[in-house]
Every structure is written in structure tokens, then in C-alpha cells.
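**Q** Dumping the structure here so I can ask a few things about it.
The values are calculated or read from the model by the stated rules, or taken from the named source; none is laboratory data. A quick note: this is a predicted structure, and the numbers were derived from the prediction, not measured. Here the Cβ positions follow ideal geometry from the backbone for every residue, glycine too, while neighbour counts run over all protein chains shown.
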Amino acid sequence: MAKIIDGKLISAQIKAELKEKTAKLLEEKGIIPGLALLLIGEDPASTIYVSSKEKSCKEIGYNSIVRREPATITELEALNIIDQWNKDDKIHGILVQLPVPKHIDEQKIILAISPKKDVDGFHPESFGRLVIGMPGFVSCTPAGIMELLIRSEINLKGKHVVVVGRSNIVGKPIANLLYQKNPHANAVVTICHTGASDLRQYTKQADVLIAAVGVPEIIKADDVKDGVVIIDVGINRVDDPTKEKGYRIVGDVDYEGVFSKASAITPVPGGVGPMTIAMLLSNTFKSASGGF
Ligand code: GUN
């Protein structure tokens, strides 16, 4: 039977720690961490995410500024907002909720955010720092996964971690974190993607499996070995007429099927998901308290 890695609980602990440190930062240095959020358009999921980030800021004593702009905003207008925030000393972190509408170049937006305020860790400078093991902002979901593993005392040294998915937001950065030569990592890492003709050949070798593909329950019990640690990053909606909303949320892993084989597993929801906001708050604190 698997140990359940409780992301809700761990994220609550991190938020409580940050709340305490934030009160101290104000008392000792007169600084209140400030996070600026830009939401463009009305994508329902993005709207919920931004409100949730705003609420979390309030809970732990941060200032948050939220700009909700219509999808018709021009790229230049968006870049001007970012430029203004880059110059504002009271703002320590800047986040533009993705995806942005098609007429706005996402890469231009990411590049416009000062690397000193890049609490999402999406800027190429942040990613470059991560790859070569320099201090910097690590994007929130991969940072959250590392925190889950560390706080659950899962030692990665010499373990074979198989990452399924090569996205810029999760797959690539988590793989780079996992093989770094430091006491919390030092794993041997394989990255799988749609180019793999036989995914199972790789996933079966995993001591730790990180699934970040966005395909509901694609990883089944037969795809993993006994004792595997499963980190499920997927958040997928599947139709379910028995639910009031008509759907339920599942991960990339068949949780029920894999449960008896795994030694530890993150549930969906309540695993990796809550960690993303906790790490955003942590990055913002880092920025407000002097950077990295
Ligand atoms: N959209 C989905 N996840 C994220 C995230 O972590 N940061 C931003 N900025 N947009 C997202």
C-alpha cells in the first residue's frame, strides 16, 4: 500500500512558515512582499488560478496587485504594464498568467519580465541558472515537486527517475533539478516524450516516476514496477455524470490501479497542484528579502 504524499498539508505548512517569515520581514526591515499578477482575457481556469494566487497572498500578508485586462489588449499595452512593474520597488514578483491570447507573443512577454522579479522562473536567464546549478528562480511546479520529495524524505541519490513529458514548465526543469549534484537530488534521469515508441519500456524502470503529460490516466499499473514513487502532475477533466458538475479531475496516472504497487504516491487533486502556489509565494518572499 502506498504512502500518500499530501500536497495540501505540505503546502499549508509552507504557507504557515512564510506567514511567520513575512511578519518578521516587515518588523525587521519594513518590507512587505509584493506580487503583481496580469490576467489577460477570461479563460475560466486562468481566472480561478489568479484569484487563488491573490487570495493566498492575502492570507500570508503579501501585497498583491491584480490587473485583469480584456483579451483585446495589445501586445504593446501588456509589455508596458510589465515595464511599469519592473520599475516599481514595491513589486518583488511579476506573473503573467499563461496562456495569453494568440495575438500576443508569449515569449516576448516572458522575456520582458525582469529576471530579478521572475517568480514564475520562465525567463531564459532563470532556466539557464537552473541548468548550470546557479542560484535563481525555479519555476513553481518543479520546485513544488522537489519540496514534496524532500519533505517526504524520499532520497533521490542514485535513483532512476523517469520523467514523462518535456514541457518547458514541468518536464525540462524538473529533469534538470533532479540530476543536479546536491544532497537533495543526484538522481539518474530519463526524459520520455511522444518520440518514445514504447513508453512502458522506460516507465517500468523507474524508481521514481514523474508524469507530466496531460493525458488522463495514461500510466497504468502494468507500466510501473513494485515500490515505485509516483509524482502525478496531471490535472485532467473527465466526464462523470455521477458528479454534480458532470466531470471529475484525474491525474496522468491510474491512481486506483497503481496504488497497491507504489510505495508512495501524490493524489490528484491534493498532490502537486497545491504546491505550485506555495512555491510562487516562496519565490516572491525570496525576491522581497534580497533575492537569491
Ligand atoms: N498557466 C498554467 N500554469 C501557470 C504557471 O505556473 N504560471 C503562469 N504564469 N501561468 C500558468
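**Q** Of the residues Gly136, Gly121, only one is farther than 28 Å from Ala196 by Cβ, part of a loop (DSSP other than H, G, I, E, B) and small (Gly, Ala, Ser); which?
**A** None of the other options fit; the residue is Gly136.
**Q** What residue, among those in the range 93-135 that are over 20 Å from Ala175 (Cβ atoms) and away from the ligand (no atom under 16 Å from the Cβ), is nearest to the chain's Cα centre (by Cα)?
**A** That would be Lys116.
**Q** Inside the range 55-89, can you point out the residues that are acidic (Asp, Glu) and over 17 Å from Lys117 (Cβ atoms)? Explain how you work it out, then say what you get.
**A** Filtering the range 55-89 down to residues acidic (Asp, Glu) leaves 59, 69, 75, 77, 83, 88-89.
Across the range 55-89, the qualifying residues are Glu59, Glu69, Glu75, Glu77.
**Q** Take the conditions modelled with pLDDT of 95 or more, surrounded by 23 or more Cβ atoms within 10 Å (Cβ to Cβ) and of a type in the set (Asp, Glu) and apply them to Asp226. Does it pass?
**A** no
Residue-wise test of (1) more than 16 Å from the ligand (Cβ to nearest atom); (2) not in a loop (DSSP other than H, G, I, E, B).
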{"residue": "Ala175", "(1), (2)": "yes, yes"}
{"residue": "Arg237", "(1), (2)": "no, yes"}
{"residue": "Glu244", "(1), (2)": "yes, no"}
{"residue": "Ile249", "(1), (2)": "no, yes"}
{"residue": "Ile277", "(1), (2)": "no, yes"}
{"residue": "Ser282", "(1), (2)": "no, yes"}
{"residue": "Ser287", "(1), (2)": "no, yes"}
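**Q** Go through (1) touching a residue at least 40 places away in the same chain (Cβ under 8 Å); (2) under 23 Å from the mean Cα position of the chain (by Cα); (3) within 15 Å of the ligand (Cβ to nearest atom) for Ile81 and report which single condition fails.
**A** (2)
**Q** Could you count how many residues in the range 107-128 are touching a residue at least 60 places away in the same chain (Cβ under 8 Å) and surrounded by fewer than 20 Cβ atoms within 10 Å (Cβ to Cβ)?
**A** Within the range 107-128, residues that are touching a residue at least 60 places away in the same chain (Cβ under 8 Å) and surrounded by fewer than 20 Cβ atoms within 10 Å (Cβ to Cβ) number 1.
**Q** Restricting the search to the range 136-162, which residues are in contact with a Phe, Trp or Tyr (Cβ under 7 Å, 6 or more places away or on another chain) and of a type in the set (A, V, I, L, M)?
**A** Result: Val162, single match.
**Q** Separate question: Given the options Ile235, Ile265, name the one that is within 21 Å of Ser46 (Cβ to Cβ) and surrounded by 15 or more Cβ atoms within 10 Å (Cβ to Cβ).
**A** Selected residue: Ile235, the only one of Ile235, Ile265 that is within 21 Å of Ser46 (Cβ to Cβ) and surrounded by 15 or more Cβ atoms within 10 Å (Cβ to Cβ).
**Q** Another one. Give the range 192-223 a look and list any residue that's hydroxyl-bearing (Ser, Thr, Tyr), touching a residue at least 24 places away in the same chain (Cβ under 8 Å) and surrounded by fewer than 23 Cβ atoms within 10 Å (Cβ to Cβ), or say none.
**A** Tyr202, the sole residue that qualifies.
Rundown of residues vs (1) within 18 Å of the chain's Cα centre (by Cα); (2) surrounded by 13 or more Cβ atoms within 10 Å (Cβ to Cβ); (3) more than 20 Å from Ile91 (Cβ to Cβ); (4) modelled with pLDDT under 95, yes/no style:
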residue	(1), (2), (3), (4)
Lys8	yes, yes, yes, no
Ser11	yes, yes, yes, no
Ile31	no, yes, no, no
Gly34	no, yes, no, no
Leu37	yes, yes, no, no
Ile40	no, yes, no, no
Pro44	no, no, yes, yes
Ile48	yes, no, yes, no
Ser56	yes, yes, no, no
